[in-house]
1. Being hydrophobic (A, V, I, L, M, F, W, C) and not in a strand (DSSP E or B) is the filter; apply it to segment 121-143 and report the residue that is nearest to the ligand (Cβ to nearest atom).
2. Being surrounded by fewer than 18 Cβ atoms within 10 Å (Cβ to Cβ) and of a type in the set (Ser, Thr, Tyr) is true for just one of 157, 142. Which residue is that?
3. Does residue 64 fit the bill of being more than 17 Å from residue 40 (Cβ to Cβ) and crowded, with 23+ Cβ neighbours inside 10 Å?
4. For segment 73-85, indicate whether the set of residues that are farther than 18 Å from residue 187 by Cα and without any contact (Cβ under 8 Å) to a residue 24 or more places away in the chain is non-empty.
5. Among the listed residues 88, 75, which satisfies the condition of being away from the ligand (no atom under 11 Å from the Cβ), more than 23 Å from residue 12 (Cβ to Cβ) and in a loop (DSSP other than H, G, I, E, B)?
6. For the condition assigned to a helix (DSSP H, G or I), within 12 Å of the ligand (Cβ to nearest atom) and either open to solvent by 70 Å² or more (accessible area, probe 1.4 Å) or touching a helix residue (DSSP H, G or I) at 6+ places or on another chain (Cβ under 6 Å) (or both), what is the one hit in 149, 118?
7. Which ones in segment 10-41 are open to solvent by less than 10 Å² (accessible area, probe 1.4 Å) and part of a helix (DSSP H, G or I)?
8. Can you run down the residue pairs with Cβ atoms below 7 Å, 6 or more apart or on separate chains, where the first is in segment 113-125 and farther than 13 Å from residue 99 by Cα and the partner is open to solvent by 30 Å² or more (accessible area, probe 1.4 Å) and within 7 Å of the ligand (Cβ to nearest atom)?
Amino acid sequence: MEVKYLTRPTEIAQSIMRGILKKGDVAVDATMGNGQDTLFLAKMVKSEGKIFAFDIQDLAVANTKKLLEKNHIYDDVHIIQDSHENIDRYVSDEIAGVMFNLGYLPKGDHQIITKAETTLVALKKSLKLLKRNGIITMVIYYGHLGGETEKEKIIEYVEKLDPNLFHVLKIDYINQTQEPPIIIGIVKK
Ligand SMILES: C[S@@+](CC[C@H](N)C(=O)[O-])C[C@H]1O[C@@H](n2cnc3c(N)ncnc32)[C@H](O)[C@@H]1O
(Lines give C-alpha, C1' and ligand atoms only; values in the text may rest on other atoms or scores of the structure.)
Protein backbone atom coordinates (compact mmCIF):
# COMPACT_ATOMS: atom_id res chain seq x y z
CA MET A 1 0.00 0.00 0.00
CA GLU A 2 1.29 3.48 -0.85
CA VAL A 3 2.19 5.53 2.23
CA LYS A 4 0.40 8.80 1.51
CA TYR A 5 1.13 10.10 4.97
CA LEU A 6 4.48 11.60 4.13
CA THR A 7 4.29 11.88 0.37
CA ARG A 8 1.26 14.15 0.13
CA PRO A 9 1.37 17.45 2.00
CA THR A 10 -2.44 17.66 1.92
CA GLU A 11 -2.59 14.35 3.80
CA ILE A 12 -0.22 15.73 6.42
CA ALA A 13 -2.41 18.82 6.84
CA GLN A 14 -5.49 16.61 7.19
CA SER A 15 -3.82 14.38 9.76
CA ILE A 16 -2.87 17.44 11.82
CA MET A 17 -6.52 18.59 11.66
CA ARG A 18 -7.83 15.14 12.52
CA GLY A 19 -6.30 15.39 15.98
CA ILE A 20 -8.23 18.57 16.76
CA LEU A 21 -11.62 18.58 15.02
CA LYS A 22 -14.65 16.92 16.46
CA LYS A 23 -18.35 16.53 15.81
CA GLY A 24 -20.20 19.85 16.04
CA ASP A 25 -17.18 22.09 15.36
CA VAL A 26 -17.09 25.04 12.98
CA ALA A 27 -14.31 24.81 10.37
CA VAL A 28 -13.19 26.73 7.29
CA ASP A 29 -11.70 25.68 3.99
CA ALA A 30 -10.05 28.94 2.91
CA THR A 31 -9.14 27.64 -0.57
CA MET A 32 -11.87 25.26 -1.72
CA GLY A 33 -10.39 24.25 -5.11
CA ASN A 34 -11.71 20.81 -6.04
CA GLY A 35 -13.25 20.45 -2.59
CA GLN A 36 -11.07 17.73 -1.07
CA ASP A 37 -10.48 19.63 2.18
CA THR A 38 -14.11 20.81 2.30
CA LEU A 39 -15.25 17.19 2.09
CA PHE A 40 -12.72 16.13 4.72
CA LEU A 41 -13.81 18.91 7.10
CA ALA A 42 -17.51 18.14 6.57
CA LYS A 43 -16.89 14.49 7.45
CA MET A 44 -14.97 15.50 10.58
CA VAL A 45 -17.55 17.89 12.06
CA LYS A 46 -20.56 15.83 10.85
CA SER A 47 -24.05 17.22 10.44
CA GLU A 48 -23.90 18.84 13.89
CA GLY A 49 -21.07 21.12 12.74
CA LYS A 50 -20.71 23.89 10.21
CA ILE A 51 -18.27 24.42 7.33
CA PHE A 52 -17.50 27.63 5.45
CA ALA A 53 -15.63 27.08 2.18
CA PHE A 54 -14.17 29.94 0.13
CA ASP A 55 -12.91 30.26 -3.43
CA ILE A 56 -13.01 33.00 -6.01
CA GLN A 57 -13.42 30.90 -9.16
CA ASP A 58 -16.50 29.28 -10.72
CA LEU A 59 -14.78 25.96 -11.40
CA ALA A 60 -13.87 25.49 -7.72
CA VAL A 61 -17.45 26.13 -6.63
CA ALA A 62 -18.84 23.74 -9.27
CA ASN A 63 -16.31 21.00 -8.50
CA THR A 64 -16.81 21.24 -4.75
CA LYS A 65 -20.61 21.11 -5.04
CA LYS A 66 -20.29 18.04 -7.27
CA LEU A 67 -17.91 16.32 -4.83
CA LEU A 68 -20.16 16.99 -1.84
CA GLU A 69 -23.23 15.71 -3.70
CA LYS A 70 -21.37 12.58 -4.77
CA ASN A 71 -20.58 11.96 -1.11
CA HIS A 72 -24.15 12.70 -0.02
CA ILE A 73 -23.15 15.72 2.05
CA TYR A 74 -26.00 18.20 2.06
CA ASP A 75 -25.63 19.42 5.63
CA ASP A 76 -24.32 22.69 6.88
CA VAL A 77 -21.65 23.46 4.26
CA HIS A 78 -21.65 27.11 3.23
CA ILE A 79 -20.02 27.44 -0.18
CA ILE A 80 -18.91 31.04 -0.58
CA GLN A 81 -17.65 32.46 -3.86
CA ASP A 82 -15.60 35.29 -2.45
CA SER A 83 -12.04 35.96 -1.39
CA HIS A 84 -11.00 34.43 1.92
CA GLU A 85 -9.84 37.88 2.99
CA ASN A 86 -13.54 38.61 3.60
CA ILE A 87 -13.96 35.68 6.00
CA ASP A 88 -15.22 37.99 8.76
CA ARG A 89 -18.21 39.02 6.60
CA TYR A 90 -19.50 35.46 6.69
CA VAL A 91 -18.15 33.84 9.83
CA SER A 92 -18.84 35.08 13.32
CA ASP A 93 -18.56 31.74 15.14
CA GLU A 94 -15.40 30.67 16.93
CA ILE A 95 -13.55 28.38 14.55
CA ALA A 96 -11.89 25.09 15.50
CA GLY A 97 -9.93 24.66 12.26
CA VAL A 98 -8.96 26.54 9.10
CA MET A 99 -7.24 24.94 6.11
CA PHE A 100 -5.34 26.91 3.48
CA ASN A 101 -3.94 25.21 0.39
CA LEU A 102 -2.07 27.89 -1.53
CA GLY A 103 -1.17 28.19 -5.19
CA TYR A 104 -3.37 27.46 -8.21
CA LEU A 105 -6.15 24.98 -8.81
CA PRO A 106 -4.73 21.73 -10.22
CA LYS A 107 -6.18 21.23 -13.73
CA GLY A 108 -7.62 24.75 -13.52
CA ASP A 109 -6.53 28.22 -14.63
CA HIS A 110 -2.92 28.59 -13.51
CA GLN A 111 -3.28 32.37 -13.64
CA ILE A 112 -5.72 32.34 -10.72
CA ILE A 113 -3.42 32.03 -7.74
CA THR A 114 -3.48 32.93 -4.08
CA LYS A 115 -1.58 36.15 -3.36
CA ALA A 116 0.51 37.24 -0.37
CA GLU A 117 -1.54 40.35 0.50
CA THR A 118 -4.95 38.67 0.53
CA THR A 119 -3.69 35.44 2.07
CA LEU A 120 -2.15 37.43 4.93
CA VAL A 121 -5.38 39.33 5.57
CA ALA A 122 -7.27 36.02 5.62
CA LEU A 123 -4.69 34.48 7.94
CA LYS A 124 -4.80 37.40 10.40
CA LYS A 125 -8.60 37.33 10.49
CA SER A 126 -8.58 33.55 10.91
CA LEU A 127 -6.20 33.81 13.86
CA LYS A 128 -8.68 36.16 15.53
CA LEU A 129 -11.65 33.88 14.89
CA LEU A 130 -9.79 30.76 15.99
CA LYS A 131 -10.84 29.32 19.33
CA ARG A 132 -8.44 28.18 22.03
CA ASN A 133 -6.72 24.96 20.90
CA GLY A 134 -8.00 25.63 17.39
CA ILE A 135 -5.63 25.02 14.50
CA ILE A 136 -4.75 26.53 11.14
CA THR A 137 -2.93 24.52 8.50
CA MET A 138 -1.31 26.03 5.42
CA VAL A 139 0.09 23.97 2.58
CA ILE A 140 2.26 26.36 0.60
CA TYR A 141 3.01 25.57 -3.03
CA TYR A 142 5.31 28.23 -4.42
CA GLY A 143 6.82 26.97 -7.70
CA HIS A 144 4.68 29.38 -9.77
CA LEU A 145 5.21 33.07 -10.52
CA GLY A 146 4.57 35.09 -7.34
CA GLY A 147 4.62 31.95 -5.21
CA GLU A 148 8.04 32.62 -3.71
CA THR A 149 6.97 36.09 -2.49
CA GLU A 150 3.81 34.67 -0.94
CA LYS A 151 5.79 31.94 0.83
CA GLU A 152 8.36 34.40 2.18
CA LYS A 153 5.76 36.87 3.45
CA ILE A 154 3.78 34.16 5.21
CA ILE A 155 6.82 32.65 6.88
CA GLU A 156 8.07 36.09 7.88
CA TYR A 157 4.69 36.75 9.52
CA VAL A 158 4.11 33.40 11.26
CA GLU A 159 7.60 33.10 12.69
CA LYS A 160 6.98 36.36 14.57
CA LEU A 161 3.65 35.30 16.09
CA ASP A 162 3.73 35.73 19.87
CA PRO A 163 4.89 32.41 21.37
CA ASN A 164 2.72 33.14 24.42
CA LEU A 165 -0.34 32.99 22.19
CA PHE A 166 0.49 30.52 19.41
CA HIS A 167 2.52 27.40 18.70
CA VAL A 168 3.82 27.54 15.13
CA LEU A 169 5.15 24.48 13.33
CA LYS A 170 6.85 24.29 9.92
CA ILE A 171 7.32 21.05 8.02
CA ASP A 172 9.83 20.91 5.16
CA TYR A 173 10.69 18.20 2.66
CA ILE A 174 14.39 18.59 3.23
CA ASN A 175 15.76 16.18 0.62
CA GLN A 176 13.73 17.35 -2.37
CA THR A 177 14.58 19.72 -5.16
CA GLN A 178 12.19 21.87 -7.26
CA GLU A 179 10.32 23.84 -4.62
CA PRO A 180 8.71 21.11 -2.52
CA PRO A 181 5.63 22.39 -0.65
CA ILE A 182 5.91 23.63 2.91
CA ILE A 183 3.36 22.89 5.61
CA ILE A 184 2.62 25.30 8.42
CA GLY A 185 0.55 24.49 11.48
CA ILE A 186 -0.58 27.12 13.97
CA VAL A 187 -2.31 26.31 17.26
CA LYS A 188 -3.89 28.98 19.43
CA LYS A 189 -2.87 28.51 23.06
C1 LIG B 1 -4.16 24.83 -4.49
S2 LIG B 1 -5.81 25.25 -4.86
C3 LIG B 1 -6.72 24.53 -3.56
C4 LIG B 1 -6.93 23.05 -3.71
C5 LIG B 1 -8.02 22.50 -2.82
N6 LIG B 1 -7.66 22.48 -1.42
C7 LIG B 1 -8.49 21.12 -3.27
O8 LIG B 1 -8.84 20.30 -2.41
O9 LIG B 1 -8.57 20.89 -4.46
C10 LIG B 1 -5.87 26.97 -4.48
C11 LIG B 1 -7.25 27.58 -4.66
O12 LIG B 1 -7.24 28.89 -4.07
C13 LIG B 1 -8.15 29.67 -4.79
N14 LIG B 1 -7.96 31.09 -4.50
C15 LIG B 1 -7.09 31.97 -5.07
N16 LIG B 1 -7.21 33.18 -4.50
C17 LIG B 1 -8.18 33.06 -3.55
C18 LIG B 1 -8.75 33.98 -2.62
N19 LIG B 1 -8.35 35.26 -2.56
N20 LIG B 1 -9.73 33.53 -1.81
C21 LIG B 1 -10.14 32.23 -1.85
N22 LIG B 1 -9.62 31.32 -2.71
C23 LIG B 1 -8.65 31.74 -3.53
C24 LIG B 1 -7.91 29.28 -6.23
O25 LIG B 1 -9.01 29.62 -7.03
C26 LIG B 1 -7.68 27.77 -6.11
O27 LIG B 1 -8.85 27.06 -6.36
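1. Residue satisfying both the conditions and the ranking: 122.
2. Answer to the check: 157.
3. No: the conditions fail for residue 64.
4. Yes: segment 73-85 contains one or more residues that are farther than 18 Å from residue 187 by Cα and without any contact (Cβ under 8 Å) to a residue 24 or more places away in the chain.
5. None of the others qualify; the one that does is 75.
6. 118
7. 13, 17, 38, 41
8. Hits for this filter: 113/104; 118/85; 121/85.
The values are calculated or read from the model by the stated rules, or taken from the named source; none is laboratory data. Just so you know, these numbers come straight off a predicted model, no measurement behind them. Reconstructed Cβ throughout: ideal geometry from the backbone, glycine too, with neighbour counts over all protein chains shown. All accessible areas refer to the heavy atoms of the entire protein, side chains included, with ligands and DNA or RNA removed. Shrake-Rupley method; radii C 1.70, N 1.55, O 1.52, S 1.80 Å.
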